[in-house]
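A quick write-up on the structure given underneath.
Nothing in this text is a laboratory measurement; each read-out follows from the coordinates by a stated rule. Here the structure is a predicted model, which is why all the values come from computation and not from measurement. We place every Cβ from the backbone using ideal geometry, glycine too, and count neighbours over all the protein chains shown.
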Amino acid sequence: MHYFEPGKPEPTAVYVELIAASFTMLVPAAIMSAIFLAVGAYCALEIGGALSWIAVVGGMTASAARLGVILAYRRQPSGLRKERHASGTWQFRLALSTLSFAASLALLGVTSFLSPQPIPQLLTTGLLFGFCSGAVARGYIRPRVCAACVTLATLPVALTAASAGGIGHLILAAMFLAFLVGSLETIRYAYRLAREQLALRNEMSMVARHDALTGLANRFGLREAFGDLLNAHRQVPMVAMHCLDLDRFKPVNDRFGHPVGDALLCELATRIAAVVRDGDIAARLGGDEFAVVQAGIDHAGEAELFARRLARVIAAPYLIDGETIEIGVSLGYATSPPHSTSLNALIEAADATLYRVKRAGGGVASSAALSELATPKVAGL
C-alpha cells in the first residue's frame with residue numbers, strides 16, 4: 001500500500017498536522033533572533049554603511065513577525081487549526097516572515113563578504129550555517145518553503161564569497177553550494193518519509209475508530225468523538241443520544257444472503273450520514289445497531305423531530321441488486337445537559353427505551369430525564 005503519491009495534494013489530516021508541526025519552533029526561532037541581533041549589530045558597527053543596517057533592521061522585523069505568527073497560531077482554538085483553509089493561511093504567514101528573515105540574513109552575509117574584514121565574514125558564516133541547519137532540521141515538513149529559505153539565504157552569500165577572490169573564498173563558496181545541494185536533498189527525503197509516516201498513522205487511526213463495513217464510527221470512535229463534541233458545545237444546554245435497531249433485518253440475510261445484507265447496512269449508513277449535521281456523531285455499535293449523538297439542541301422537541309425524521313429516512317424502501325427491500329426501525333432516544341451525564345449513561349437510557357420500543361412492535365420513543373426514567377410512550381412511524 002502506498003501512502004505517498006508525488007504531485008498529489010496531501011490528505012487534509014496530514015496537511016494540517018504537518019503545518020501544526022511547523023509551529024513548534026518557537027524556542028529555536030527566539031534563539032536565532034537573539035543571535036542575529038548580536039551578530040548583525042556587531043557586523044553593522046564594524047562594516048558600516050546603510051546596507052548592513054538595513055539587513056539588521058529587516059531581519060529583526062522579520063524575526064518579530066515570525067515569533068508573533070507562531071504565538072498567534074498557538075492561541076487559536078484547536079478546532080480552527082484542523083481546517084485546511086485556515087491552516088493554509090497560517091502557513092502563508094509563517095512562510096512570508098521566514099522568507100523575509102532569510103533575505104535579511106543573505107543581505108547581511110553579502111555586505112560582510114564585500115568587506116575585507118574577516119571577523120564579520122566568520123560570524124555571518126556561522127549564522128548562516130546555524131539558520132540553514134535549523135531550517136532543515138525543523139522546517140523540512142513544509143519542503144517548498146524550507147528549500148526557498150535555505151536557497152535564498154545561501155546562494156547570494158556563496159556567489160559574493162566566490163567573487164571576493166582567493167583560494168580560501170573559492171573553497172568557502174564551494175562549501176556553501178555543496179551544503180546547499182545536500183540540504184535540498186535532505187529536505188526532500190525527510191519530507192517524503194514524514195508524510196508517509198503521518199499518512200500511515202492517520203490511516204491506522206481511522207481503522208481503529210471506524211467500522212470497517214459502513215465507515216461510521218465504531219464504539220471506540222464514538223467515545224472519543226463524544227468528548228470532543230462536549231468541548232465544542234459547552235454553552236449549549238442539551239445533547240441527545242439516539243439508539244436504533246432494524247426490524248426484520250434477519251429475514252433479509254436469510255432470504256437474499258449476507259452480501260445483500262451488508263449492502264443494505266452500507267446504504268443505511270449513507271442515509272444516516274446524509275441526515276446528521278456537522279458536529280453530530282453517527283456510529284455503528286454492532287450488527288444492525290446504530291447510534292447518533294445529536295449536539296447543540298435547546299430542548300427535547302428538537303430531538304423528537306430529528307428522531308422521527310431519521311426513522312422515516314431509514315425505513316424507506318431499499319433497492320439492492322435489483323431487489324426492493326423493506327425493513328422497519330425501532331428508535332429510542334434520551335436527552336441530557338452535556339455536562340451532567342456520561343456517554344455510558346446516555347447510551348444506557350436510550351438503549352433501555354429502544355428495547356421497550358421493540359417489545360411494543362417498533363416505532364420511536366424517548367426516555368424520561370436520566371434522573372427519573374419513566375415508561376415511554378411509543379409512537380409508530
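Can you pull the semi-axes for region 12-208, root of five times each eigenvalue of the Cα gyration tensor, sorted largest first, whole Å? If you can, show how the numbers build up before the last one.
On the way: eigenvalues 236, 76, 22 Å².
Output for region 12-208: semi-axes of 34, 19, 10 Å.
Note the direction-averaged projected area, equal to a quarter of the hull surface, for the Cα convex hull of region 146-274, in nm².
On the way: hull surface 57.8 nm².
Its Cα hull, projected and averaged over all orientations, spans 14.4 nm².
Listed highest first by mean packing, meaning other Cβ atoms within 10 Å per residue, what order do 119-125, 153-159 come in? Don't skip to the end; give the middle numbers.
Details: 119-125: 19.0, 153-159: 20.7.
Top of the packing list down: 153-159, 119-125.
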Just to confirm my numbers, what's the Cα centroid distance between region 297-349 and region 141-164 in Å? 60
Taking Cα atoms only, helix 143-163 is inclined relative to the longest principal axis of the chain by an angle, in degrees rounded to 10, of 0
Would you mind calculating the gained length between residue 119 and residue 319 on full extension (0.36 nm times residue separation, minus the Cα-Cα distance), in nm to one decimal? 63.9 nm
Output the 0 to 90 degree angle, nearest 10, between the alpha-carbon long axis of helix 118-139 and the longest principal axis computed from the alpha carbons of the chain. 10
Nearest 10, in degrees from 0 to 90: the angle of helix 12-22 to the longest Cα principal axis of the chain is 40
Span per principal axis, largest first, for the Cα atoms of region 219-366 (Å): 48, 29, 23
Compute the whole-percent fraction of alpha carbon pairs in the chain spaced more than 36 Å apart. 47
Between residue 208 and residue 74, what FRET efficiency follows from the Cβ-Cβ distance if R0 is 25 Å, with the result rounded to 0.05? 0.35
Go ahead and run the numbers for FRET between residue 21 and residue 228, Cβ-Cβ distance against an R0 of 25 Å, rounding to 0.05. 0.75
Anyone know which of 97, 163, 52 comes out most mobile in the 10 Å Cα GNM of the chain? 163
